[in-house]
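Take a look at the structure set out below.
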Amino acid sequence: MAVHVFVGPSCPEPLVREGHPEVVVHGPARHGDLFPRAFRAGDVVVIVDGIYHHRLALRHKEILDALERGVTVVGAASIGALRAAELDRFGMIGVGRVYGWYREGVFDGDDAVSVAHGETGSLAGLNVPLVNLYSAVLAAQEAGILTQRAGRSLTERMEREYYPLRTRERILTLARERGESAFADWYAAQLAADPAAFDQKRADALEALTLAERLGSHPHSGPPTPTGSSRPAETPVTRRSRAAEPTPPVTTDRDWRTEYHRRWRNVFAPADPALRHRVAYQQIFTEEFPDVWWDFLHHRADAADRGFPGTFRDHILRELGPSAARWHDDPTLRTRITALLCPLPDLADTRDATLLLRQESAEDRARVTDWLERTRQHLDRHPERSLTQISEATCARLLRRIWSVHTDATLATECTRRGLPTLRGAATALRPFAIGYLSSLAAQQPVGDAAQQPVGGDVHA
């Protein structure tokens, strides 16, 4: 069992390693980071910092996916505290005062914990997180430096600042402008004596790491009780304050596994990053793949019908109705079934992947590697281009050639026979191979015949 932590400006890596040398340290979490199989049942993952704003943030269902796999997920201090407040009902563990403030409604926006920092080098924050200022305001109120009304006014004023502009200097300036010079002097003196005096995010992160190591040493069973709500003496000072009420346990039977969740899993979860491209190659370029897909539908029906034993024909009857029985029995009508039943495979499930790749050859894998590399090199040489510039119409012309179909109707039918529910989806699957495929066509044709290719003139990714 291992303890992992995603951390950045809230708690610098040297500080983590100083007190917790056995912890596996990762940078700020981002979309896809919790899917890899490096996190196993029994491991503990602490989410402190995460990328957002200019890159895709860690999604809620990535955390749910990790929890379902038996990974203990702890959140604190920054985006981890926010995610824990949103997902503690589902088993995520929240730790610390920042988590408690989110849960109570003191803050409800991600800007309260946001820190601007550089892309490279030190991840030291350039601004003061609002939650750290809030901690200072509470301490000043307890020390008699600020009244509750003055603390509320100052905090609300800082809320209106764009988060990268919430610097120490700006806090001091606004405090003095509002007649709170005593607070400004006290605040500056406290930070001069101890730069981490009001660093609530750092304190919460270290508390979460201590808990995580304890959990890693003594695995627990069942969802833990959330921790870290505010002390009774604290009074929320922001305009959004509201009384926090206990959240009832979730009893819904709704399945949270959406198609988007499965698409994310297909990108991030497989051990082989090229797996989805290998499957897409089979879907597009293997002549016999419709038979593979038909068998895959049988396999998925068996998995879906665990409570309803029977044949694939019985599954069709339940899903599509009695009139669909003759579609199943007549090979010429099976395309009606594939047009209506087109589930997205779960490539993180080895059974799905093995079945879909059952006809893959060593030559196929080599060609996938070669064509993807050609695409990468082409885009590196032409950074102004992208695969999205290969239009759907061009992809349709290429697919007609590959599959030897001639009309829009037969093209749509062939897409569904291969597990590609729409032409748009088929175009998405084809684009990474388009440059390699066209290169292979050019290599096969005599010089001067390239203009004979019926693919149009807009393939310029």
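The values are calculated or read from the model by the stated rules, or taken from the named source; none is laboratory data. Bear in mind that the values here come from a model prediction, so they are computed numbers and not experimental data. Cβ: placed from backbone, ideal geometry, glycine included. Neighbour counts: every protein chain shown.
A few points about this structure:
Results for (1) assigned by TED's automatic domain parsing to the domain that holds Ile402; (2) modelled with pLDDT under 80; (3) farther than 30 Å from Ser153 by Cα, shown as yes or no for each residue.
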{"site": "Arg231", "(1), (2), (3)": "no, yes, no"}
{"site": "Leu275", "(1), (2), (3)": "yes, no, yes"}
{"site": "Pro290", "(1), (2), (3)": "yes, no, yes"}
{"site": "Arg306", "(1), (2), (3)": "yes, yes, yes"}
{"site": "Pro309", "(1), (2), (3)": "yes, yes, yes"}
{"site": "Leu320", "(1), (2), (3)": "yes, no, yes"}
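- Taking segment 143-192 as the range and being small (Gly, Ala, Ser) and under 24 Å from Val115 (Cα atoms) as the test, the residues that pass are Gly151, Ser153, Ala175, Ala184, Ala188, Ala189, Ala192.
- Taking each residue of segment 326-351 that is within 15 Å of Asp302 (Cβ to Cβ) and looking for partners that are assigned to a loop (DSSP other than H, G, I, E, B) and small (Gly, Ala, Ser) with beta-carbon atoms closer than 8 Å, six or more apart or interchain, yields Pro345/Gly419.
- Only residues that are out of contact with any helix residue (DSSP H, G or I) (no Cβ under 8 Å at 6 or more places or on another chain) and either touching a residue at least 60 places away in the same chain (Cβ under 8 Å) or not assigned by TED's automatic domain parsing to the domain that holds Met92 (or both) were counted in segment 5-26, giving 3.
- Comparison of Ile47, Ile51 shows that the only residue that is closer than 16 Å to His26 by Cα, surrounded by fewer than 21 Cβ atoms within 10 Å (Cβ to Cβ) and under 16 Å from the mean Cα position of the chain (by Cα) is Ile51.
- No other residue among Pro36, Pro21, Pro9, Pro28 is surrounded by fewer than 18 Cβ atoms within 10 Å (Cβ to Cβ) and over 18 Å from Arg214 (Cβ atoms) apart from Pro36.
- Meets criteria (part of a helix (DSSP H, G or I) and among the polar types (S, T, N, Q)) for Asn132: yes
- Being in contact (Cβ under 8 Å) with a residue 24 or more places away in the chain and assigned to a helix (DSSP H, G or I) is a property that Arg103 has.
- Filtering segment 38-66 to residues that are of a type outside the set (A, V, I, L, M, F, W, C) and part of a loop (DSSP other than H, G, I, E, B) leaves Arg40, Gly42, Asp43, Asp49, Tyr52, His53, His54, Arg55, Arg59.
- Residue in segment 189-198 that is farthest from the chain's Cα centre (by Cα), counting only those that are surrounded by 14 or more Cβ atoms within 10 Å (Cβ to Cβ) and assigned to a helix (DSSP H, G or I): Gln190
- Any hit, segment 203-222, residues being surrounded by 13 or more Cβ atoms within 10 Å (Cβ to Cβ), modelled with pLDDT under 85 and not in a helix (DSSP H, G or I): yes
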